[in-house]
1. For the range 44-125, which trypsin sites (Lys or Arg not before Pro) are in a loop by DSSP, counting at most 13 other Cβ atoms within 10 Å?
2. For TRP88, what is the net charge nearby, where nearby means another residue's Cβ is under 14 Å from its Cβ and Lys, Arg count +1, Asp, Glu -1?
3. Whenever you get a sec, compute what percent of the accessible area on the range 44-125 sits on carbon and sulfur atoms (1.4 Å probe).
4. Residue by residue through the range 65-73, what is 3J(HN,Hα) from phi via Karplus (6.51 cos²θ - 1.76 cosθ + 1.60, θ = phi - 60°)? Round to whole Hz and write x for glycine and proline.
5. Please work out whether the range 43-103 counts as rounded, prolate or oblate from its C-alpha gyration tensor, where a ≥ b ≥ c are the square roots of the eigenvalues and a/c under 1.5 means rounded, while otherwise a/b larger than b/c means prolate and anything else oblate?
Amino acid sequence: MTAVAALSVEDGRTALTAALSEAVLHELRLGQYAFRMPMEAAAVYQLLPGPVRRELHGRAVEVLAARRPVPRARLARHQLAAGRTAEWLQSVEHAAWEAAEAGNHQLAIALLEDTLAHPRSPAGEPGPAGPDARPQRVQRAGFRPDG
């Protein structure tokens with residue numbers, strides 16, 4: 001949290017302690033904190049100006065990319081919100097492959113379908129990366145929504 005918020009360890013500890021003591025956040029498990037209700041998180045998120053949100057997402061990308069193993073699906077969400085479209089597409093592809101290799105084909109399909117439906121997806125572009133090629137590439141990869 002401190003790295004994403006660009007706080008020193010001491011300032012991060014002070015801010016976290018204050019948020020916990022005021023019941024703004026609660027501890028899920030050791031080292032993991034969250035708002036009690038998703039609506040609270042959404043309200044705080046909407047209060048942040050767009051450039052600040054984008055900057056926070058960019059820092060979250062750096063933190064997540066350094067983890068091993070890399071949490072690709074989470075990384076992809078932050079890349080998209082940070083405006084890093086090319087990186088987002090790569091991470092979604094990696095996340096889908098990882099899900100398929102782990103036997104979670106429904107997750108793999110959902111990741112790919114959500115990406116293809118997103119306005120920033122190049123799905124509507126003509127040529128080899130466009131809509132004519134995608135169904136064949138997805139089928140060759142073994143992802144079939146009906147199976």
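1. Details: sites: ARG53, ARG54, ARG59, ARG67, ARG72, ARG74, ARG77, ARG84, ARG120; in loops: ARG67, ARG84, ARG120.
Those that pass, being in a loop and sparsely packed, are ARG67, ARG120.
2. On the way: positive: ARG54, ARG72, ARG74, ARG77, ARG84, ARG120; negative: GLU87, GLU93, ASP114.
Value of the local net charge: +3.
3. Values: 2790 of 4950 Å².
Result for the range 44-125: 56 percent of the exposed heavy-atom area is carbon or sulfur.
4. The phi angles translate into 5, 7, 6, 10, x, 6, x, 4, 5 Hz.
5. Values: a/c = 2.30, a/b = 2.18, b/c = 1.05.
Prolate.
The values are calculated or read from the model by the stated rules, or taken from the named source; none is laboratory data. Here the structure is a predicted model, which is why all the values come from computation and not from measurement. Please note: Cβ atoms are built from the backbone with ideal geometry, for glycine as well, and neighbour counts cover all protein chains shown. Ligands, DNA and RNA are stripped out before the accessible areas are found, and what is left, the full protein with its side chains, is counted by its heavy atoms. Shrake-Rupley method; radii C 1.70, N 1.55, O 1.52, S 1.80 Å.
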